[in-house]
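Student: Structure provided below as structure tokens; questions to follow.
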Amino acid sequence: MKDCTQCIIRNRAVCVGLETDELAVLGRLGRKQKFSKGQTIFWEGDDAVVVANVIEGVLKVSMSMSDGREQIVGIVFSSDFIGRPFGQQSLHSVTALTDAELCIFSRSTFNNFARQHPELEHKLLRRTLNELDRAHEWMLRLGKKTATERIATLLLEMSVRLGETGCTVDNGALDAFELPLDRQQIGDVLGLTIETVSRQLSRLKADGVIHLPDRRTVAIRDRARLQYLSAAA
């Protein structure tokens, strides 16, 4: 790998607390690898042989139901950590929703390094607890929020994690981003039918809250209104 101090996620990744010399050692243990959209990095039930930092791209975390259907249980963004350090088996499948680049480590090698660097272990623990908090929030979202609230919450989360482009859409300066999920996948994530997802997006567009120039691009016209609809204001 190249110098970790030049990494674009250096200040957000799990290795943020390491000193320059420690980063140099970690950098020699890992490798950068690119994955194409649709390519699976981890398979549910397989041995957990690697872990990784997401440098660029968006990935989905999913589990298989007994009848073979897929349930998306999470979305992974740049600077997130994937894999199962100190574990033997992958509990989820992780698949690229967009072209992605990862910083990959052998799980055993990474585990040995982490044991020698308590700050990194502490960071991993904090991330695990944050993921648990997000899981609890996800349960609230699916269990108590209305369809409108779920869609609004997801759009706000995506706009923050993906970073608004600030591009000009429809002759006005708008915060816009490209959804990595199609309508069916949004429904899978939020526990809604594809028809409900399409209806809610169309309603938000008709009300002037968002603009949908195409099937993937979302431009936020009224962020305050979207926050109110998400019940997050």
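Student: Collect the residues in segment 78-99 that are surrounded by 19 or more Cβ atoms within 10 Å (Cβ to Cβ) and under 21 Å from Arg216 (Cα atoms), keeping them in residue-number order.
Tutor: Passing the criteria: Ser78, Thr95, Ala96, Leu97.
Student: Here is a follow-up. May I ask you to list the residues in segment 44-71 that are assigned to a strand (DSSP E or B), among the hydrophobic types (A, V, I, L, M, F, W, C) and over 17 Å from Leu181 (Cα atoms)?
Tutor: Val50, Val51, Ala52, Val54, Ile55
Student: For segment 149-164, how many residues are of a type outside the set (A, V, I, L, M), assigned to a helix (DSSP H, G or I) and either modelled with pLDDT under 80 or crowded, with 17+ Cβ neighbours inside 10 Å (or both)?
Tutor: 5
Student: Inspect all residues belonging to segment 111-127 and state whether any of them is within 21 Å of Gln184 (Cα to Cα) and in the same structural domain as Arg31 (by TED's automatic domain parsing).
Tutor: Checking segment 111-127: not a single residue is within 21 Å of Gln184 (Cα to Cα) and in the same structural domain as Arg31 (by TED's automatic domain parsing).
Student: For segment 42-71, what are the residues that are crowded, with 18+ Cβ neighbours inside 10 Å, over 14 Å from the mean Cα position of the chain (by Cα) and under 30 Å from Thr193 (Cβ atoms)?
Tutor: Phe42
Student: Still on this structure, please answer the following. Quick one: Thr196 ticks every box in (1) at pLDDT 90 or above; (2) exposed (fewer than 15 other Cβ atoms within 10 Å of the Cβ) except a single one, so which number is it?
Tutor: Here Thr196 meets the rest and fails (2).
Student: Continuing with this model, one more query. Would you pick out the residues in segment 18-43 that are farther than 23 Å from Gly87 by Cβ, among the small types (Gly, Ala, Ser) and part of a loop (DSSP other than H, G, I, E, B)?
Tutor: Ser36, Gly38 - these are the residues of segment 18-43 that are farther than 23 Å from Gly87 by Cβ, among the small types (Gly, Ala, Ser) and part of a loop (DSSP other than H, G, I, E, B).
Student: Of Leu124, Leu132, Leu102, which residue is loosely packed, with under 15 Cβ neighbours inside 10 Å and either at pLDDT 90 or above or under 22 Å from Cys15 (Cβ atoms) (or both)?
Tutor: The conditions single out Leu132.
Student: Further question: Yes or no: segment 96-104 includes at least one residue that is under 15 Å from Trp43 (Cβ atoms) and free of Cβ contacts under 8 Å to residues at least 60 places away in the same chain.
Tutor: There is no residue in segment 96-104 that is under 15 Å from Trp43 (Cβ atoms) and free of Cβ contacts under 8 Å to residues at least 60 places away in the same chain.
Student: Kindly indicate whether Gly74 is under 30 Å from Arg183 (Cα atoms), of a type in the set (Gly, Ala, Ser) and surrounded by 14 or more Cβ atoms within 10 Å (Cβ to Cβ).
Tutor: When the stated conditions are applied, Gly74 passes them.
The values are calculated or read from the model by the stated rules, or taken from the named source; none is laboratory data. The structure displayed is predicted, hence computed values, not measured ones. As a convention, Cβ positions derive from the backbone with ideal geometry for all residues, glycine included, and neighbour counts pool all protein chains shown.
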